[in-house]
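**Q** I have a structure I would like to understand better, so I am pasting it below and will then ask my questions one at a time.
The values are calculated or read from the model by the stated rules, or taken from the named source; none is laboratory data. Just so it is clear, the structure is predicted and the values come from calculations on it, not from any experiment. Positions of Cβ are backbone-derived with ideal geometry, glycine not excepted, and every protein chain shown enters the neighbour counts.
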């Protein structure tokens, strides 16, 4: 990918910003966001990216954006809880983006395992039933993600755009993620909601792993659209990583069992392994590194 011209949307998010940092050093990276805060624009510019302000919900929002990209990495997502706006930005927006950049070598759309219907501890495969999984916390999220995938496939099929849809599990790293929020809750004695059907399994995906896999995801793109789960090869649970955070810091998790909590959402990694290989970062190594980087003062002394 060295020397390629790449468009990255949603660059200020926790998942995408490390991608901007990693690629800007050897690629021509354009970062697209609303950039309503000047400090966000300044931070992304400092990483070496060209910043372009645009709103994917706006019919004419891409007018000033170049079209001659080699690759597009779409991390953009909005969660305002307004269905009209969120569907326009997330679903219609991906169609606008693909049409605007339809000559790309590959389009990589980051979706979410939140598209799957809850099914207990059964690992979700790419053809598992879809459902409104995250309604309790993010009313528009699952439906917007399902709609975005549909628009993405339609546009790829109609215009022959090589495309991969990667359904992210739980990304995390030295810049935070869900386990870090749990650590902060443990530190402050805030109950952590968990589903009663325990343990609550997920596939933590470390930033080092998803950075390594992005070129492979792009290489897997076809106009027929490649859809795959994208998480760590090793499943673990909220209960396990909170117990490990307790080992590291001494803070004890307080769990609140409720049926409205996100339930277990582990993935079948068969197709992922076939297409892009296994991940390398052990989740305990990744979580320990996260704590050492984000909150070193919280690590308890041993001995």
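**Q** Among the residues that make up the range 270-287, is at least one of them more than 21 Å from residue 171 (Cα to Cα), out of contact with any helix residue (DSSP H, G or I) (no Cβ under 9 Å at 6 or more places or on another chain) and either outside the structural domain of residue 180 (by TED's automatic domain parsing) or touching a residue at least 60 places away in the same chain (Cβ under 8 Å) (or both)?
**A** no
**Q** Mind listing whichever residues of the range 227-247 are over 21 Å from residue 146 (Cβ atoms) and buried (at least 20 other Cβ atoms within 10 Å of the Cβ)?
**A** 232, 235, 236, 238, 241, 242, 245
**Q** Among the numbered criteria (1) in contact with a strand residue (DSSP E or B) (Cβ under 9 Å, 6 or more places away or on another chain); (2) part of a loop (DSSP other than H, G, I, E, B); (3) assigned by TED's automatic domain parsing to the domain that holds residue 249, which single criterion is violated by residue 190?
**A** (1)
**Q** Continuing with this model, one more query. Only one of 133, 127 is free of Cβ contacts under 8 Å to residues at least 24 places away in the same chain, under 30 Å from residue 222 (Cβ atoms), in a loop (DSSP other than H, G, I, E, B) and not assigned by TED's automatic domain parsing to the domain that holds residue 285. Can you tell me which?
**A** 127
**Q** Condition first: modelled with pLDDT of 95 or more and assigned to a helix (DSSP H, G or I). Can you find one or more residues in the range 229-239 that meet it?
**A** Within the range 229-239, one or more residues are modelled with pLDDT of 95 or more and assigned to a helix (DSSP H, G or I).
**Q** Does residue 120 satisfy being exposed (fewer than 14 other Cβ atoms within 10 Å of the Cβ), more than 14 Å from residue 263 (Cα to Cα) and not assigned by TED's automatic domain parsing to the domain that holds residue 274? Lay out the reasoning, then the answer.
**A** Working: exposed (fewer than 14 other Cβ atoms within 10 Å of the Cβ): yes; more than 14 Å from residue 263 (Cα to Cα): no; not assigned by TED's automatic domain parsing to the domain that holds residue 274: yes.
Here the answer is no, as residue 120 does not meet what is asked.
**Q** To continue, here is another question. Taking the condition of being assigned to a strand (DSSP E or B) and surrounded by 22 or more Cβ atoms within 10 Å (Cβ to Cβ), how many residues in the range 142-169 meet it?
**A** Within the range 142-169, the first condition is being assigned to a strand (DSSP E or B), and the residues that meet it are 163-168.
Going one step further and asking which of them are surrounded by 22 or more Cβ atoms within 10 Å (Cβ to Cβ), we end up with 163-167.
Qualifying residue count for the region: 5.
**Q** Can you tell me which residue within the range 215-225, out of those that are surrounded by 21 or more Cβ atoms within 10 Å (Cβ to Cβ) and within 17 Å of the chain's Cα centre (by Cα), is nearest to residue 125 (Cα to Cα)?
**A** The selected residue is 217.
**Q** For the range 58-86: of the residues being buried (at least 20 other Cβ atoms within 10 Å of the Cβ) and more than 19 Å from the chain's Cα centre (by Cα), which is nearest to residue 219 (Cα to Cα)? Working first, answer last.
**A** Here is the first cut: in the range 58-86, the residues buried (at least 20 other Cβ atoms within 10 Å of the Cβ) are 62, 69, 71-78, 86.
From what's left, more than 19 Å from the chain's Cα centre (by Cα): 62, 69.
On the way: 62: 26, 69: 16 Å.
The residue in question is 69.
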